[in-house]
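Below is one structure; the comments refer to it alone.
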Amino acid sequence: MTRRARFVTARHVTILEANHILVKRTQVRSDSRMYKRTARRLFPGGNTADGFVGFFSDIINVYEANRIYIIKGGPGVGKSSLMRRIGSFAEELGQPVEYFHCSSDPDSLDGVCLPRLRVAMMDGTAPHTVDPKAPGATDEIVNLGEYLDSGELAAHRNEINMLLKEIKRMFDRAYCYAAAAERMRAVSAGAYSVDERGVLRLQADLTQRLAERGGFGPPAGRVRDFYLSAFTPKGHVKFISGVNADTVWKIHTPWGIDASECLFSLAKTARSYGMNVERCRCALNAGRADHLIIDGSLFITTDNGCHGDDVSADLDAALDPYAKLLDAAQAETGKELFDSMIDRMTDSLRSAKQLHNELEQYYIDAMDFDGVDMLFDGLASAIFQ
C-alpha cells in the first residue's frame, strides 16, 4: 500500500458522513450574512501575445491559507474533475467557491478556492508548474500519478512524445498570431490622437467618486490579479456578466484604445484607502488591465468593442470625446487584421486541444480512477472537518 493510500484509508469517511458534519455546521451559521452563497468563475492564466501568462500565486494568499493542495499528474488523470467535485460539494453546503478555469480548455479547471475555509487546490503541472512554498505546514502535494500504470504508458512512449511536440508547435503558432493581433490593435490605436489632459480630468473625476465611497485608511488594501476572459479553443470566453457587484462603472473607449493607465491609477488610489483590489488583466496582453473589482462591491469595466457590452452600468464614463480619429482607414484595417489574427489563433488553440484529447486518452486508459474516488473522500474529510 502506498503512503498516499495509507493516508486516505486512515482519514476516510463516506460522503454521507462528511455531509452530515457540514450540514450541522452550516445550520449553526445560517443566520450570518457574511456567509452568502456565491460561486465565481475566473481564469488564473491566459494565452497572450507574450505566451502563457499566469497568476496562480493569486489564487490564495499562501501566508494566510490553512491548506493548499497542489495536484500533480498527467493529462486526463482527473485533476479537474477532483477539483470540480470539491467545489460542488462546498457549494452544496453554502460555501462560497471560486472556480479557476483553464484557458486552453475552458470546460476544465486549473484551480478551486474556498475563501471562507482558506483552502485552495490547483493544478501544479506545466505550463503552470506550481511547487510548495511551505511543504507540510501549508502545502501538500496530491500525486495522481500514483494511480497510473507506468508500464502501459511506456508502451506508447513514442506516440506520447510525438503528440507533446505537436501540441507545443500549435501553441507556439497560436502565440505568434496573438502577438500579431496585439500589433494590429496598436495600429488601430495609432489612428487616434488622444487628449491626455482630457483623460486626466476623467480620471480625476472617477478618483473623487471613489474617495466618496469611503475607505478604512491604512494599511494599504490587498491586490490580486487574474483574468475575467481568455482566448481559448472555443474563442474569446468571458465571465464578465457573472461578476456579482453592487455598483458598476463603465468606461467607454474607441476600439483599440487602452484605458489601463486610468484603471491602474484607480487601483492604486483604492488601495491607499484600505480597499482590496482585484485587477482583471487583458486577455491578450497581461501588462494591461480591462477591469477592476474593488472590495467585491464596485466593478469598473471597460467597453471597448471586445467586452463590456454585456453588463449594464450605474455610471457611464467615456474616453471617446478625448480621442480624435485621424485615419479611419487605418483604424478599420487594424481591426480587420486583428480579427483575422484572432481567428487563426483560435484555430491553432483548437488544434492543440484536439491533440491534447488524443494524449489524454493514453493516460485515461492507464489510470485507476477508483483510487481517485477514495482520494476524494479523504480530501473531503480533511478539508471540511
> Listed residues Ala313, Ala283, Ala289, Ala352; which is surrounded by fewer than 22 Cβ atoms within 10 Å (Cβ to Cβ) and either on the phi > 0 side of the Ramachandran plot or not assigned by TED's automatic domain parsing to the domain that holds Gly74 (or both)?
Replying inline: Ala313
> Of (1) buried (at least 16 other Cβ atoms within 10 Å of the Cβ); (2) over 12 Å from Pro44 (Cβ atoms); (3) of a type in the set (D, E, K, R), Arg116 satisfies all except one. Which?
Replying inline: (1)
>> Checking the structure you have, find out if any residue of the range 325-341 is closer than 30 Å to Phe89 by Cα and of a type in the set (A, V, I, L, M, F, W, C).
In response: no
>> of a type in the set (D, E, K, R), more than 15 Å from Glu360 (Cα to Cα) and touching a helix residue (DSSP H, G or I) at 6+ places or on another chain (Cβ under 8 Å): which single residue out of Arg173, Arg169, Arg183 fits that description?
In response: Arg173
> Do we have Tyr63 as free of Cβ contacts under 8 Å to residues at least 40 places away in the same chain and among the aromatic types (Phe, Trp, Tyr) here?
Replying inline: yes
> Considering Gly94, Gly111, Gly51, which residue is crowded, with 19+ Cβ neighbours inside 10 Å and not aromatic (Phe, Trp, Tyr)?
Replying inline: Gly111
> When both residues are 6+ apart or on different chains and their Cβ atoms are under 8 Å apart, which pairs have a first residue that lies in the range 153-173 and is closer than 11 Å to Ala352 by Cβ and in contact (Cβ under 8 Å) with a residue 24 or more places away in the chain, and a second that is outside any helix (DSSP H, G or I) and of a type in the set (A, V, I, L, M, F, W, C)?
Replying inline: Phe171/Phe52
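What about Ala289, is it in contact (Cβ under 8 Å) with a residue 12 or more places away in the chain and in contact with a Phe, Trp or Tyr (Cβ under 8 Å, 6 or more places away or on another chain)?
Criteria met by Ala289.
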> In the range 231-338, which strands (runs of 3 or more DSSP E) lie fully inside it and hold 1 or more residues that are under 30 Å from Tyr175 (Cβ atoms), touching a strand residue (DSSP E or B) at 6+ places or on another chain (Cβ under 9 Å) and of a type outside the set (D, E, K, R)?
Replying inline: 235-238, 247-252, 277-281, 289-294, 298-303, 323-325
>> Of everything in the range 229-256, what is surrounded by fewer than 22 Cβ atoms within 10 Å (Cβ to Cβ) and β-branched (Val, Ile, Thr)? Give them in sequence order.
In response: Val237, Ile240, Val243, Thr247, Val248
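The values are calculated or read from the model by the stated rules, or taken from the named source; none is laboratory data. Please read all numbers here as calculations on a predicted model, not as lab measurements. Glycine gets a Cβ as well: all are built from the backbone with ideal geometry, and neighbour counts include every protein chain shown.
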